[in-house]
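Asks: Have a look at the structure that comes next, please.
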Amino acid sequence: MTFQVAVFASGRGSNFRVLADHPDRGTGPHLWEVALLVSDREDAPVLELARDRGIPSCIVPVSERSAHEVARETLAALEEAQIQIVLLAGYLRLIPPPVVEAFRGRMLNIHPALLPGFGGKGMYGSKVHEAVLAAGVRISGPTIHLVDERYDRGPILAQWPVPVLPGDTPASLATRVNQVEHELFPAVVDELARSLDEGRAPRPIPGTGDALRSHFSLTSTPDLP
Ligand code: GAR
């Protein structure tokens, strides 16, 4: 069976691109495929990526609307496209509780820092990397977690440590984290789809220690204390 996936995105869409193109790389029958883009912004650049690929998109505005109305419209769009898995990829709005409930255990969010640090309301994009640099931590990296009713709080399935290097700016750190996100996100969706297919809970993705070692050897040596 091929799980039908909806991606929610508000911005540029580099994660959407990787997820939408992922099954093309695959061998054998596809376990999942992106069948719908949902955005809260009609000017989001990600919409063009969906158009280019012939993937239907749906705008559900959120500003100045009730959570009830947003939930009703979102659920109708997901139902019409027969969506089974939802991925938040740079989506900056809180998901209304009825949508969380309908997709509990089948909705993932990617966050560009190691949760539970540097998350919560208002923490997105460059704000996250600015906070990481201001705190002086030496390791950052993406987190992928199941979504619950709170911002950035559901059970963590995967994290990939990325070094914070001397001289990093929010933009340089964002680029390094973003590259890793593009590898991690499809791998975690593979595991979620497999777990749903096999009727078991998804397993946390192992191997981030090895990833840390190879990442350090690929980049200049960080000045660890
Ligand atoms: C990604 O880095 C993602 O982790 C982040 O937004 C970026 C979207 O990039 N998400 C958040 O900050 C959510 N709190 P993209 O549009 O190029 O995929």
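Asks: Compute the acute angle (0 to 90°) between the alpha-carbon long axis of helix 67-80 and the principal axis of greatest extent of the alpha-carbon atoms of the chain; round to the nearest 10°.
Replies: 80
Asks: Sticking with this one: Could you put 160, 32 in order, starting from the residue whose Cβ has the fewest other Cβ atoms within 10 Å?
Replies: 160, 32
Asks: Taking the Cβ of each residue in 127, 121 as the centre, tally the other Cβ atoms inside 10 Å and list the residues starting with the fewest.
Replies: Lowest to highest Cβ neighbour count: 121, 127.
Asks: Under 8 Å for C-alpha pairs, at least 6 residues apart: give me the relative contact order for the chain, rounded to a whole percent.
Replies: 18
Asks: I'd like the orientation of helix 126-135 relative to the chain: the angle between its Cα long axis and the longest Cα principal axis, in ° from 0 to 90, rounded to 10.
Replies: That helix lies at roughly 30 degrees to the long axis.
Asks: Return one number: the angle in degrees, 0 to 90 and rounded to the nearest 10, between the long axis of the Cα atoms of helix 170-198 and the longest principal axis of the Cα atoms of the chain.
Replies: 50
Asks: Under the rule of at least 5 residues apart or a separate chain, name every residue whose amide H is placed under 5 Å from the amide H of residue 162.
Replies: Here the answer is 140, 141, since their amide H atoms fall under 5 Å of that of residue 162.
Asks: Please list, ordered by chain and number, the residues whose modelled amide H lies under 5 Å from the amide H of residue 157; skip anything fewer than 5 residues away on the same chain.
Replies: So residue 157 has HN proximity to 144, 145, 146.
Asks: Right, something else. How high is the relative contact order of segment 104-186, given as a whole-number percent (alpha carbon pairs under 8 Å, six or more residues apart)?
Replies: Dividing the mean separation by the residue count of segment 104-186 yields 34 percent.
Asks: Also, quick follow-up: Choose one of 78, 22, 171: the residue whose Cα lies farthest towards the positive end of the charge dipole of the chain (beta-carbon charges +1 Lys, Arg; -1 Asp, Glu; about the Cα centre).
Replies: 171
Asks: Shifting gears a bit: Looking only at Cα atoms, what is the convex hull volume of the chain per residue, in Å³?
Replies: So the per-residue Cα hull volume is 128 Å³.
Asks: Using the 10 angstrom Cβ neighbour count as an exposure proxy, how do 7, 137 rank, fewest first?
Replies: Ordered by Cβ neighbours within 10 Å, fewest first: 137, 7.
Asks: Farthest toward the dipole's positive end in the chain, which of 34, 99, 141, given Cβ charges of +1 (Lys, Arg) and -1 (Asp, Glu) about the Cα centre?
Replies: 141
Computed from the coordinates by the stated procedures, all read-outs in this text should not be read as laboratory data. Everything numeric in this text was worked out from a predicted model, so none of it was measured. For neighbour counting, all protein chains shown are included, and Cβ atoms are generated from backbone atoms with ideal geometry for every residue, glycine included.
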